[in-house]
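Let me begin by presenting the structure, written as structure tokens, before commenting on it.
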Amino acid sequence: MAKEFSRTRRVADQIQRNMAELIQMELGDPRLGMVTVTAVEVSREFESARVYFTVLGKDLSDKSQIEETTAALNHAAGFLRSALAKRLKLRTTPKLVFIYDSSIEHASKLTALINSAVNKTSGNKPDDS
């Protein structure tokens, strides 16, 4: 059982590296900005792979840009799958599904909240000197 997980994880890591390269070098879609592949989850039978990504340099508060990037990647999924098949030594290449990873956005918001809370509490403390 542990060996299966290990192979699945290794394949997911390889897909992540290859996807990052392929998106950067092979896709010329103007709807794509600086796309970063953050994680890949592969099903046990290698039928499908969820490719999580984030976009740097765009206004992420505008959900239409995120939807546009997701649509562009999912539109190119067939091309990316065939290019991935040439690089991977698997019997079947997983079907690719691209999902926007909002964890970085959430982390940024949490950091801002923590910083604002720290600044408020440090401003209310009396000086002991």
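Of note:
- Rounded to the nearest 10 Å², the accessible area of Thr36 at probe 1.4 Å: 60 Å²
- Helix 103-124 axis, angle to the chain major axis (alpha carbon atoms, nearest 10°): 10 degrees
- Annotation: per residue accessible area for the chain equals 68 Å², rounded to a whole number [probe 1.4 Å, protein chains only].
- Think of the chain as having a plus end and a minus end, set by charges on the Cβ of Lys, Arg, Asp and Glu; of Pro30, His75, Asn18, Asn18 sits farthest toward the positive end of this dipole.
- Only protein atoms count toward the accessible area here, which uses a 1.4 Å probe; on segment 7-129, the carbon and sulfur part of that area reaches 52 percent.
- Counting only Cβ charges, +1 for Lys and Arg and -1 for Asp and Glu, the dipole size of the chain around its Cα centre is about 720 debye.
The values are calculated or read from the model by the stated rules, or taken from the named source; none is laboratory data. In this text, all values refer to a predicted model and were calculated from it rather than measured experimentally. All Cβ positions, glycine included, derive from the backbone under ideal geometry; neighbour counts span all protein chains shown. Ligands, DNA and RNA are stripped out before the accessible areas are found, and what is left, the full protein with its side chains, is counted by its heavy atoms. Shrake-Rupley method; radii C 1.70, N 1.55, O 1.52, S 1.80 Å.
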